[in-house]
Amino acid sequence: MILLAPITQANGENLDIEGVATVAIKFNGASSEMDVIITRDLSGLILGVDWMRKQGLWTWDFDNDRVRCGDGKWVELLKEEKSRMVRRCYVDRDTVLNPSGQTEVDVRITRKGIDELPFEGVSEPENISTLPRVYAGRSLVPAKFSDIKVPVLNATEQSQVLTRGTEIGVVEPVELLDNGSAVADEVRSDTTEVDVELTEPEAEVIVKMMASLPSELDEEQRAKVEALLIRRLRIRSSLRRRLIKCCSMV
């Protein structure tokens, strides 16, 4: 059993380590085995300096986007896929979702490299296909990778378990104004008491979502769900208008 010391990131937070796996790697015609640390916090494979030193002298040809180890063949450097560069929001621990209500769920944020710094952003919810009638809320995310809570709505009458590792959204950065103040700070003050009229398309979305709720819900439960949906859409509308306003000022 391999005992690992905590791995600290650039912002002082520790990586959430799942375990260690021994994998075979074939590079430049030669095969070798190495122990790989498994974590959901980082995307892709990061080769350590210790492994690279064992392979011999490296020659980098940045003009032609290629690299060579020793007298081996040139290997083309691949550009990072855009989908791999996106920061995703995933559930930190198994969470029981209360029936017909909202639950604050602990989440973590992924990133490409251990040296990347966190930023304030907006969590754009995605469809949670693993559970019926469960919806993540659109939320402002603080500048950190862990110890974050996101509201999740369970519109069924039964408790459901949202399992650890479930991806519930994508985190988009918040733009900064020239004076250095974050748009998120202004949005946060606007959305504390949201008073924004819904557009006609947004109102139609509410009607459709309410129509899809279980018929077993009573009037009080339906009213709570409707109030939550309206508030979420108003926050989204307020944030969008604030971003448009700020972008026009830059």
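The values are calculated or read from the model by the stated rules, or taken from the named source; none is laboratory data. Please read all numbers here as calculations on a predicted model, not as lab measurements. Every residue, glycine as well, gets a Cβ built from its backbone with ideal geometry; the counts of neighbours run over all protein chains shown.
Considering each of 168, 114, 128, 148 in turn, give the residue that is in contact (Cβ under 8 Å) with a residue 60 or more places away in the chain and in contact with a strand residue (DSSP E or B) (Cβ under 6 Å, 6 or more places away or on another chain).
So the residue among 168, 114, 128, 148 that is in contact (Cβ under 8 Å) with a residue 60 or more places away in the chain and in contact with a strand residue (DSSP E or B) (Cβ under 6 Å, 6 or more places away or on another chain) is 168.
Scan segment 149-172 residue by residue and report those that are surrounded by fewer than 16 Cβ atoms within 10 Å (Cβ to Cβ) and modelled with pLDDT under 90.
157, 172
Would you mind finding the one in 123, 129, 146 that is among the hydroxyl-bearing types (Ser, Thr, Tyr), within 12 Å of the chain's Cα centre (by Cα) and assigned to a loop (DSSP other than H, G, I, E, B)? Before the answer, list the steps.
Working: 123 fails: assigned to a loop (DSSP other than H, G, I, E, B); 129 fails: within 12 Å of the chain's Cα centre (by Cα).
Exactly one of 123, 129, 146 is among the hydroxyl-bearing types (Ser, Thr, Tyr), within 12 Å of the chain's Cα centre (by Cα) and assigned to a loop (DSSP other than H, G, I, E, B), namely 146.
Pick out, from segment 17-111, the strands (runs of 3 or more DSSP E) lying fully within it that include 2 or more residues that are out of contact with any Pro (no Cβ under 6 Å at 6 or more places or on another chain), of a type in the set (D, E, K, R) and closer than 30 Å to residue 167 by Cα. Steps first, answer last, please.
Details: elements: 17-27, 30-39, 58-61, 66-69, 87-91, 95-97, 101-109.
Passing ranges, in order: 87-91, 101-109.
Surrounded by fewer than 16 Cβ atoms within 10 Å (Cβ to Cβ), touching a residue at least 12 places away in the same chain (Cβ under 8 Å) and out of contact with any Phe, Trp or Tyr (no Cβ under 9 Å at 6 or more places or on another chain): is that true of residue 123 in this structure?
On the way: surrounded by fewer than 16 Cβ atoms within 10 Å (Cβ to Cβ): no; touching a residue at least 12 places away in the same chain (Cβ under 8 Å): yes; out of contact with any Phe, Trp or Tyr (no Cβ under 9 Å at 6 or more places or on another chain): yes.
Against the criterion (surrounded by fewer than 16 Cβ atoms within 10 Å (Cβ to Cβ), touching a residue at least 12 places away in the same chain (Cβ under 8 Å) and out of contact with any Phe, Trp or Tyr (no Cβ under 9 Å at 6 or more places or on another chain)), residue 123 does not qualify.
Listed residues 42, 15, 47; which is more than 30 Å from residue 149 (Cα to Cα) and surrounded by 11 or more Cβ atoms within 10 Å (Cβ to Cβ)? It would help to see each step written out before you state the result.
Numbers: 42 fails: more than 30 Å from residue 149 (Cα to Cα); 15 fails: more than 30 Å from residue 149 (Cα to Cα).
Just one listed residue meets the conditions, 47.
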